[in-house]
Each structure stands twice: as structure tokens, then as C-alpha cells.
1. State, to one decimal in nm, how far the label point of ALA40 lies from the label point of GLU67, with both points 7 Å from Cα in the Cβ direction.
2. Could you calculate the contour length gain from ARG88 to ARG28, that is, 0.36 nm times the residue separation minus the distance between their Cα atoms, to one decimal place in nm?
3. Would you mind telling me which residue in THR45, THR93, THR15 has the biggest mean-square fluctuation in a Gaussian network model of the chain, where springs connect alpha carbons within a distance under 10 angstrom?
4. Taking the convex hull of the Cα atoms, report for the range 40-105 its projected area averaged over all directions, in nm².
5. In square angstrom, what is the accessible area per residue of the chain with a 1.4 angstrom probe?
6. Convex hull over the Cα atoms of the range 1-43, averaged projected area in nm²?
7. How large is the helix-only mean residue ellipticity at 222 nm for the chain, computed as the sum of -39500 (n - 2.57) over DSSP H runs with n ≥ 4, divided by its residue count, in deg cm²/dmol to the nearest 500?
8. Taking the structure as given and computing Rg/Rh (Cα atoms, Kirkwood Rh), which label from [x] 1.03; [y] 0.93; [z] 1.22 fits?
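The values are calculated or read from the model by the stated rules, or taken from the named source; none is laboratory data. Values in this document were obtained by computation on a predicted structure and should not be read as measured data. Every residue, glycine among them, receives a Cβ derived from its backbone with ideal geometry; neighbour counts consider all protein chains shown. Calculation scope for accessible area: heavy atoms of the full protein, side chains included, ligands and nucleic acids excluded. Shrake-Rupley method; radii C 1.70, N 1.55, O 1.52, S 1.80 Å.
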Amino acid sequence: LRVLRRALAIALNPTAPVADDEKQDCLRLADSVDDVIHEAGRLRTFLLADLARYRDALPGSAPGYTELLQDALAAGYDPRPDDLAALRTLRGTQTGAALLRRCQSLAEQSVRARLAGRTAAAPGPRTR
């Protein structure tokens, strides 16, 4: 935290003198943040692959799949068509039905957001 505070102070007042050891501390902090971002990406890739393995093993892996999917949704995962299809096979259970409703809602919101983004970015009609 000391290094982070100092880095923020340097950023807010870039004309202030900075000792070499403080520069090195800030560089190490930046490297650590880069490492954390890289590891988070690797973890996300692993978790999504794990989710796919559980989905492919349905219906026998239903408890594990629904738990992983709930965790992924909490982390901002956007349900894919494969997830919706898998949940349709599990809608006979209370958890499966609830997750299906939640994922359908999230998927609908995602489609609307993408369409709104495309509409806003689409060029207007040509005039001569």
C-alpha cells in the first residue's frame, strides 16, 4: 500500500522529485499488477474450459455444472447458446429452471446491448 500511495502521489504531482528506489518500487508494483492480470486471464480460461467439460458431461455432472455456471455468472460471464441448451435439459430441476431463466434474461440483455451498439455505430443513409 505504501508503494501504491507513493505511485499515486507521483502521478498526481509529476514535477515532484522522485528517488531512484521509489521509481524501482513503482516499476515492481507495475510488474506485479501485470502478473496479476495475466494470471486472472489464465484462471478465466481454465474456468471456462472447466465449465465446458462439465457441460459436455451432462446430465451426470449437473450439480458441478450449475455451481460453476453460477460462479461464472457472478464473475460477469455471458451465457452462450451451449449453456442455454444445456440448461434446457436441466429445467426439470429447480436449480436448472432458475438458472435457465437467469441465463435467458442475461442473453437477451446481451443481444440488446450488442444491437444497440451496432445501431449507434451504423452509418447513416448516404446522401449525394
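1. Result: 2.5 nm between the two label points.
2. Contour length minus the Cα-Cα distance gives 16.8 nm.
3. Result: THR15 has the largest fluctuation of those listed.
4. In nm², the orientation-averaged hull projection of the range 40-105 is 3.9.
5. 75 Å²
6. 3.2 nm²
7. Calculated from helices alone, the mean residue ellipticity at 222 nm is -26500 deg cm²/dmol.
8. [z]
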